[in-house]
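Have a look at the structure below before the remarks.
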Amino acid sequence: MSETASLLDHQSIWGPMAQQRVFRCLLEAFSYPGRIQSASLPALLATLGDSEISLADPDELVAADDWRRLGARREAADKANFVVARGDIDPAFQPAIGTLESPEQGATILLRVRKLGRGAKLKLSGPGIQDAIKLAVGGLDPAWLERRAQWNAGFPMGVDFILVDGEQFAALPRTVSIAGEA
Amino acid sequence: MNPGYELPLEEAGYSFGFLDEYAKREVRRAILKAISIPGYQTPYASREMPMGRGFGTGGLQLTLALVGPEDRLKVIDQGADDSVNAVNLRHFVEMTCPGMDTTEHTRAATLIQSRHRIPEVPLRENQILVLQVPYPDALVVVESSEARRKTMHGEGDYARLLTRLYEDIVRFDEITIAHRYPTRIAGHYVIDPSPIPRYDLPKLHRAAALTLLGAGREKKIYAVPPYTDAEPLAFDDVPFRIEDFRDAAGRRCACARCGASDSFLDELIGDDGAKSWQCSDSDYCNEQLAVRNPQEAVHI
Ligand SMILES: [Zn+2]
């Protein structure tokens, strides 16, 4: 890809038409958990975020320029609506899980992993999944799955995950049960 | 698709879909939370729309947050694409979303906005059904305080609703609720499924397609994700039943126009006072007519 093309491509994630397309990928990802969709972390943030959300970036994965374009409020990972974090290291925070009356206030965690489609296989079941589906994830510290199970133990409270590698992502809403596979 | 919409410039899509981009993002964030918490009435900041509430502004805001130039939209009201309300909504979306196609065919649609009915033809994966909801909260009949209703929903406590339902059944010896029958989603939240008949509820259960419900006045969005349990409330001794359209002799009535005996029927009274039946889903009726009487079928 030429430098000009990549520049335009990057700019386009801030445009309404690109965001509509990325949103439909997000909609499909949340409707059918575990199915891999195409979009990068900056494109997901551009589609979901603006000055009306709070964002935590404890591992500094969001570029300064993207922060500027988003205009999101910086917030601690324990309180933010959205958290971007590295999936290959232990979670070092306790995200918002919402309340019984307002469970939508549980955080959305965008977890950076090395590779989707290759790696340890997770067996998923729950709403949006006909029977069970396998999702291969490379570079995910198993501690995340343990903590996720704890955070989501009291439905409807919980957190929703988006796993994202370089160009792809998959969603794990709080309703999804995950079993590891040997 | 119009190649003009491929322009990677922010201006390319400016004003597409009527809502400003902040409003769309807010609705979109609420939609994803609604899918993540099946059946939960997710609050959002409903915007003023250039038509009265009650004309489906909740459904319209969902549609406008979803739709893109690659979509084919179908709008249904009372089962038909040609009712005044459906035509007005369709024109509004066509006007504000240049490049998008519309269709009357359920099978051809990517996005279906509806009031009163779920199409007869089972929806596929990645088709999206948007239902307009006038009254989103099934608990409002037993609890007037919204704060207390939210707690009851959170706890999945529907004892009072079940009691009310049972009292009705004991009194009338029959399920008397024709529309908006309370339905439990994924074993937790009970929803008001919008003014669809009981007949349509089994279509929600473990459907391949996503259903989104929008209430503009109450500013709520909720969802029935694909492959998710949707169970109408029922009792061991009084099972849930759909309308069966049987005549006095116990025979299943058929549509007088297309002959189908497997669809939801509207009663028609002729000039002579005689009763007959016709499919409420006009696209299904046309399709059946084309299959059964190719000669008489209207050109569709
Ligand atoms: Zn018919």
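Evaluate the charge dipole of region B:250-300 about its Cα centre and quote only its size in Debye, nearest 20, assuming +1 on the Cβ of each Lys and Arg and -1 on the Cβ of each Asp and Glu. Show your work: numbers first, answer last.
Numbers: 5 positive and 9 negative charges, 51 e Å.
The calculated dipole for region B:250-300 is roughly 240 debye.
With runs of 4+ DSSP H residues as the only contributors, calculate the mean residue ellipticity of chain A at 222 nm using -39,500 (n - 2.57) per run, divided by the residue total and rounded to the nearest 500. Write down the numbers at each step before the final one.
Values: 5 runs with 50 residues, N = 182.
Calculated from helices alone, the mean residue ellipticity at 222 nm is -8000 deg cm²/dmol.
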Accessible area expressed per residue, chain B, with surrounding protein chains retained (probe 1.4 Å, Å²): 44
Region B:211-277: which trypsin sites (Lys or Arg not before Pro) are DSSP loop and have at most 10 other beta-carbon atoms within 10 angstrom? B:Arg251
In this structure, among A:Lys79/B:Lys24; B:Lys74/B:Lys220; B:Lys33/B:Lys150; A:Lys115/B:Lys33, pairs with alpha-carbon gaps over 20 Å are A:Lys79/B:Lys24; B:Lys74/B:Lys220; A:Lys115/B:Lys33
Report the residue, chosen from B:Ala45, B:Ala109, B:Ala223, that carries the largest GNM mean-square fluctuation when chain B is represented by alpha-carbon nodes joined by springs under 10 Å. B:Ala45
What does the charge count around A:Ser31 come to, taking other residues whose C-beta lies under 12 Å from its C-beta (Lys +1, Arg +1, Asp -1, Glu -1)? 0
Chain B: most fluctuating residue of B:Thr96, B:Thr211, B:Thr183 per GNM, C-alpha cutoff 10 Å: B:Thr96
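Output the Kirkwood hydrodynamic radius of the protein assembly as shown, Cα pairs only, in Å rounded to one decimal. Don't skip to the end; give the middle numbers.
On the way: mean 1/r = 0.0422 Å⁻¹.
After inverting the mean inverse Cα-Cα distance, the result is 23.7 Å.
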Here, region B:250-300 modelled as identical Cα point scatterers in vacuum has Debye log10 I(q)/I(0) at q = 0.27, 0.31 Å⁻¹ of -1.00, -1.13
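Add +1 for every Lys or Arg and -1 for every Asp or Glu among the other residues with Cβ under 11 Å from the Cβ of B:Thr102, and state the total.
Numbers: positive: B:Arg72, B:Lys74, B:Arg90; negative: B:Asp71, B:Asp81, B:Glu94, B:Asp101, B:Glu104.
Local net charge: -2.
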Cβ-based net charge around B:Val121, under 15 Å, with every Lys or Arg adding one and every Asp or Glu removing one: -3
Counting other C-beta atoms within 10 Å, and keeping those with at most 16, which DSSP coil GluC sites (Glu not before Pro) do you find in region A:9-92? A:Glu52, A:Glu60
Debye log10 I(q)/I(0) for chain B, one point scatterer per Cα, at q = 0.06, 0.07, 0.08, 0.11 Å⁻¹: -0.21, -0.29, -0.38, -0.71
Estimated dipole of chain A in Debye, rounded to 20 [Cβ of Lys and Arg +1, of Asp and Glu -1, Cα centre]: 420
Name the residues of region B:139-156 whose accessible area falls by at least 10 Å² when all protein chains are present instead of the chain alone, probe 1.4 Å? B:Lys150, B:Thr151, B:Gly154, B:Glu155
Listed residue (B:Ser83, B:Leu213, B:Ser145) projecting farthest to the positive dipole end of the protein assembly as shown, Cβ model: B:Ser145
For chain A, find the longest principal axis of its Cα atoms and tell me its angle to the long axis of helix A:16-31, 0 to 90°, nearest 10. 10
Going by a 1.4 Å probe on protein heavy atoms, which residues of region B:209-253 end up with at least 40 Å² less accessible surface in the whole assembly than in their chain alone? B:Pro226, B:Tyr227
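Find the sum over both chains of the accessible area lost when B and A are paired, probe 1.4 Å, and report it in Å² to the nearest 100.
Working: alone 15040 and 9720 Å², together 20790 Å².
Summing both sides, the interface buries roughly 4000 Å².
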Sort out the exposed loop GluC sites (Glu not before Pro) in chain B (DSSP loop, at most 13 other Cβ within 10 Å) and tell me the longest stretch that has none. B:49-173
In nm, what is the difference between 0.36 nm times the number of residues separating B:Arg252 and B:Glu155 and their Cα-Cα distance? 30.8 nm
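The values are calculated or read from the model by the stated rules, or taken from the named source; none is laboratory data. Please read all numbers here as calculations on a predicted model, not as lab measurements. Neighbour counts run over all protein chains shown; Cβ positions are idealised from the backbone, glycine included. Ligands, DNA and RNA are excluded from the accessible area calculation, which covers all protein heavy atoms including side chains. Shrake-Rupley method; radii C 1.70, N 1.55, O 1.52, S 1.80 Å.
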